[in-house]
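The next block holds one structure in the form of structure tokens; read it before the comments.
The values are calculated or read from the model by the stated rules, or taken from the named source; none is laboratory data. All of these numbers come straight from a predicted model, not from anything done at the bench. Cβ placement follows ideal geometry from the backbone for every residue including glycine, while neighbour counts extend to all protein chains displayed. Accessible surface is based on the protein model in full, side chains and every heavy atom, while ligands, DNA and RNA are left aside. Shrake-Rupley method; radii C 1.70, N 1.55, O 1.52, S 1.80 Å.
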Amino acid sequence: MITPTLVHLSLIDDNPYQPRLSYDEAAIAETAASIKANGLLQIPTARQVGERYQLAFGHRRRRAYSLLAETDPAYAQMPLIIRELDDRAMVKQTWSENKDRRDISPYEEARAIDHYMRAFGWSHKQVAEELGIDRSTVTNKVGLLKLPAELLRLFAGGELSERQMMALKPLAELPINSWDTPISCWVRGNKISALSEIVPLISKIPADELRRIVDDLLDKVSVSLEKVSWPWQAPLPVDGVQNQNCKECAIRMRVSNRCPSLLCAELKEKAARRIAAAAAAAKEGLPADAVGGYGEYDTLSGVKRSDIKKEAKYRSCSNLVVAKVSYGAHPVEGHTGYSMVCKSTRCQCKAALEKSADPAKSDAARKKADRKQIRQMYKEPAEAALAGALADVPAGMLRLMLRRMHYSASQKLAPDASAATIATAIAEQLVREEIKYDEDAGRLDDSRQKLEQMLTLAGIELPWKNQPQPEADDQLFHLLEDQVSQVRKLLADAHELRELPIAPAYLEQAEQRCATIATINLNVAEAYQRQIETLRNSLQPASPETESADGDVCAQTPALTPLESGEPIPFPMLKDWVIELRNRITTGEKGAAIEQSIEILGDHLQLLTDDEGVSDEEYEQVLRDIDDLVDMIGGR
């Protein structure tokens, strides 16, 4: 039996591998009272290191002795059992004692395991075997320590449970700069513009809900490599990226296999799309159209594949390309999603093939194109001219007129709809009633003549006066259609690359195309020029703060595209405006500029047609978002 040795308290040190970081003062006082009443029932074990002693366990009892020694010198010495213990034995002794007592916090456990791994060079497997715990437990607990310091502070203080921290663990792999990446989302009614802003909210969110939130946040600040279109395990030849081979990239999140660089992923996505399009095009011996943009493709459903291959004239037509489309009548074998398509809905080469293949389909396609031409060339300008003529009529009188004309249309308007909105609705009803049958049948001449008669009767100058008419010069019309298609694609590219320095170059090219369009139809050119200016303004730095009418300081909200031409802004740009206005309202911006922007946003949404390729779900979602904006500014 080993005889205890009395050692002065000043010579006793804690176990260097003790996981506990703090001690409960009440528990120490309770232990001190027990020792004074009953003596020291279990003598602590220690090892001698030079002239000092290190406890293997019994740290609370040593602190109880120190408390008693303050009033009774008899407790200035403490009995210890001295043993020969190496570092590994010291680790096992203190870990076993604390686990048996179950009174160390999960944060202290994680810190202790990490300390043991660093001190002894243990792997996750080795430390699990030494401490008698599962390897997965080691991995999970140590992984929590990679989370930001603010979260660890809350964890150490008991404000976050271990289950909540485990829900946050997927975020541990993110680089520290990802926590400040601009995002836009809502968490329990709170607007979050950066990942770091969620920290004050976490303690109130249950772990299960927190897991769902973390999954959504990860998708906003990183990209899953399991879902990308390029082979992430092989090099991809593209410049300006972190690493051409994602598998070897230093910033790749190994556990979740995600990329935290959104710009790098975007550049690789575009490069992969170009490479895939080029490969598919090479197989068919045709040019590739890698980025479709907002322009429409004709899927050639009315043309036989054999006719396309044997018709030399069409094979050499610049409109025949290979592109990635959701549906194509002539897919490229071995290249999923890519198909032979025509870039023009009025291509003469394609029309000749359709007519030889199926005259009925050719007529249907031409009627569809004529209806589109009627809308763009006559219907929309006529609506804008009529609405302009009603600009000075009071809103109440306009609402009464619309109610008498079309009751259901008047009921769809908001109670506080502006005079401009009501005037537009009246103009749409007048034009629709005038040419609805001719428009459905695609009768271009009849539609124009009826609209000219209506506008002349109203004393309104014809919007298309002195402009060349497409039926008088078919070549001019085809030139106009080709230039419009190019402008739409350039706008799409500029919008997609708006965060890169190359975006203004696309807008300059679009302006050059608009100059050509202006020689054919000034109305159309002005409509697209306004879209160019709107997109260019979105690329400029934020304008200086100004004082609103009600005295509040707010950033000047740029006006949305005016509606005189009836040409709506592209749908993706419209969605971006919804996000922009929500951000500004959330930050406290208000005033007439915000209200006018929301009103014009609704007008643009009404101008969308089926030709824009917008699904009903997308349309309804944006409509709800605009209603939410109205609610956010107080129901106006």
- Task: Can you confirm whether segment 527-538 contains a residue that is hydroxyl-bearing (Ser, Thr, Tyr), open to solvent by less than 50 Å² (accessible area, probe 1.4 Å), modelled with pLDDT of 70 or more and assigned to a helix (DSSP H, G or I)?
- Result: yes
- Would you be able to tell me the number of residues in segment 182-204 that are surrounded by fewer than 18 Cβ atoms within 10 Å (Cβ to Cβ) and in contact (Cβ under 8 Å) with a residue 40 or more places away in the chain? 6
- Query: Out of curiosity, is residue 138 at pLDDT 85 or above, buried (at least 19 other Cβ atoms within 10 Å of the Cβ) and of a type outside the set (Lys, Arg)?
  - Reply: yes
- Note on the structure: Residues of segment 144-178 being without any contact (Cβ under 8 Å) to a residue 40 or more places away in the chain and in contact with a helix residue (DSSP H, G or I) (Cβ under 6 Å, 6 or more places away or on another chain), in sequence order, are 144, 145, 146, 147, 169, 172
- Going by the structure shown, is residue 518 modelled with pLDDT of 70 or more and more than 24 Å from residue 603 (Cα to Cα)? yes
- Query: What number of residues within segment 149-163 satisfy the criterion of being open to solvent by less than 20 Å² (accessible area, probe 1.4 Å) and more than 25 Å from the chain's Cα centre (by Cα)?
  - Reply: 3
- Task: May I ask you to list the residues in segment 205-241 that are in contact with a Leu (Cβ under 9 Å, 6 or more places away or on another chain) and either in contact (Cβ under 8 Å) with a residue 60 or more places away in the chain or of a type in the set (S, T, N, Q) (or both)?
- Result: 222, 224, 233
- Message: Going through 567, 589 one at a time, which residue ends up being modelled with pLDDT of 70 or more and part of a loop (DSSP other than H, G, I, E, B)?
- Response: 589
- Name the strands (runs of 3 or more DSSP E) wholly within segment 1-117 that hold at least 2 residues that are in contact (Cβ under 8 Å) with a residue 60 or more places away in the chain and surrounded by 14 or more Cβ atoms within 10 Å (Cβ to Cβ)? 5-8, 77-82
- residue 146 versus (1) open to solvent by 50 Å² or more (accessible area, probe 1.4 Å); (2) farther than 25 Å from residue 165 by Cα: which is the lone unmet condition? (2)
- Can you name the residue in segment 614-630 that is modelled with pLDDT under 75 and open to solvent by less than 50 Å² (accessible area, probe 1.4 Å) and, of all such residues, is nearest to residue 492 (Cα to Cα)? 614
- Note on the structure: The lone condition residue 249 fails out of (1) open to solvent by less than 30 Å² (accessible area, probe 1.4 Å); (2) touching a Gly at 6+ places or on another chain (Cβ under 8 Å) is (2)
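Only one of 576, 611 is exposed (fewer than 15 other Cβ atoms within 10 Å of the Cβ), at pLDDT below 75 and either outside any helix (DSSP H, G or I) or not β-branched (Val, Ile, Thr) (or both). Can you tell me which?
611
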- Somewhere in segment 593-600, is a residue modelled with pLDDT under 75 and either touching a Lys or Arg at 6+ places or on another chain (Cβ under 6 Å) or under 30 Å from residue 345 (Cβ atoms) (or both)? no
